[in-house]
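K.L.:
Input: one structure, supplied below.
Read-outs: derived from the displayed coordinates by stated rules, not from any lab. Predicted model, so just to flag it, every value in this text is computed and none were measured. In this analysis, Cβ positions are derived from the backbone assuming ideal geometry, glycine residues included, and neighbour counts consider all displayed protein chains.
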Amino acid sequence: MTLFDKCGGYRRLHTFTYATVIHLETISFCKRFIPWQQDQLGKTAGQMIGAARSGRQNIIEGSERSSTSKETEMKLTDVARASMAELLGDYEIYLAERDAIPWSKDDDNRKKISSLMLPKIYLGDDQLHEYWGYYQRVKPIFSPWLDNKDGVVVANAMILILQRTMAMLKNQIKQQGDIFLEQGGFRERMYKSRSAVRDDKTVLDENAPACPKCGKPMRKRSAQQGKYSGSEFWGCSAYPECKGIVNVDATDAVK
């Protein structure tokens, strides 16, 4: 059994590439359409760029933590999604301040952006270099809207990209949860791995009773906590799948 799951690999996720587009284009948007004269404390631009950065960075951290904590991976992915939602609200307010309404589902621009697909990504052993080469091929896909001189057009396009990314992150969290339910967490793997090593090294006691629940041989163990701490008992060798136990005194009495 492998103790550590695979981790990283976030550069292969479409959510990460969308998050990268969102981060870099939000920086560009703030420079172009939120002049410092109207945002002297930098609060609006700072909050927007911070939210965009949080979305991207939490995808990275969640992916890197996946080997030892599926729970943390799910939480950080959810934080990334929440950061995207925060940023979405900022773009909506930008439109509202200009009496602009987000594109309807029948708008041609919305239909075109919604139909866009990212190209497949192939990464070898030079991922840092290869990923940013890939990103340079992705960027022009959105250029007709994100390079537009009208901030209302750019904000609308960003809203659509954010909505898509949030939907994908929601599915990503569900997939992470399904994997956790199927494979368990790091503590379970630690116990199973340790048990496997111990089973390889330990010869079963010839006097060990059979488990009353599953019939497999039992092993003598010691309670680690509670009022019976230090007391010995027979525990099923198939634990944690089977939690059968037998009192040591009961088997000694039989002898």
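K.L.:
Extending each Cα 7 Å along its Cβ direction at residue 31 and residue 141, get the distance between those two points in nm, one decimal.
P.N.:
Distance between label points: 2.3 nm.
K.L.:
May I pose another question? Using a simple spin-label model with points 7 Å from Cα along the Cα→Cβ vector, what separation in nm is obtained for residue 122 and residue 208?
P.N.:
In this crude label model, residue 122 to residue 208 measures out at 5.1 nm.
K.L.:
For residue 170 and residue 39, what does the FRET efficiency come to when R0 = 22 Å and r is the distance between their Cβ atoms, rounded to the nearest 0.05?
P.N.:
Calculated value: 0.10.
K.L.:
From Cα pairs below 8 angstrom and at least 6 apart in sequence, can you work out the relative contact order of region 10-187, rounded to a whole percent?
P.N.:
The value is 30 percent.
K.L.:
Here is a further query. Given the C-alpha centroids of region 209-244 and region 75-143, what is the distance between them in whole angstrom?
P.N.:
Centre-to-centre (Cα) distance: 54 Å.
K.L.:
What is the Rg over Rh value, at two decimals, for region 10-187, using alpha-carbon atoms and the Kirkwood definition of Rh?
P.N.:
Computed over Cα atoms, the ratio is 0.99.
K.L.:
Right, another one. To make sure I understand, if each residue's beta carbon is the centre and we count other beta carbons within 10 Å, what order do 29, 233 fall in, fewest to most?
P.N.:
233, 29
K.L.:
Only four residue types carry charge here, +1 at the Cβ of Lys and Arg and -1 at the Cβ of Asp and Glu. Report the dipole size of region 1-121 about the Cα centre in Debye, rounded to the nearest 20.
P.N.:
480 debye
K.L.:
Pairs 70/120; 75/149; 43/111; 139/174; 31/70: which are spaced more than 30 Å apart, C-alpha to C-alpha?
P.N.:
Table pairs above 30 Å Cα-Cα are 75/149; 43/111; 31/70.
K.L.:
Then there is this: Starting from the Cα of residue 179, step 7 Å toward the Cβ, then list every residue of region 10-30 with an amide N under 14 Å from that point.
P.N.:
Residues 10-16 qualify, since their backbone N sits under 14 Å from the label point.
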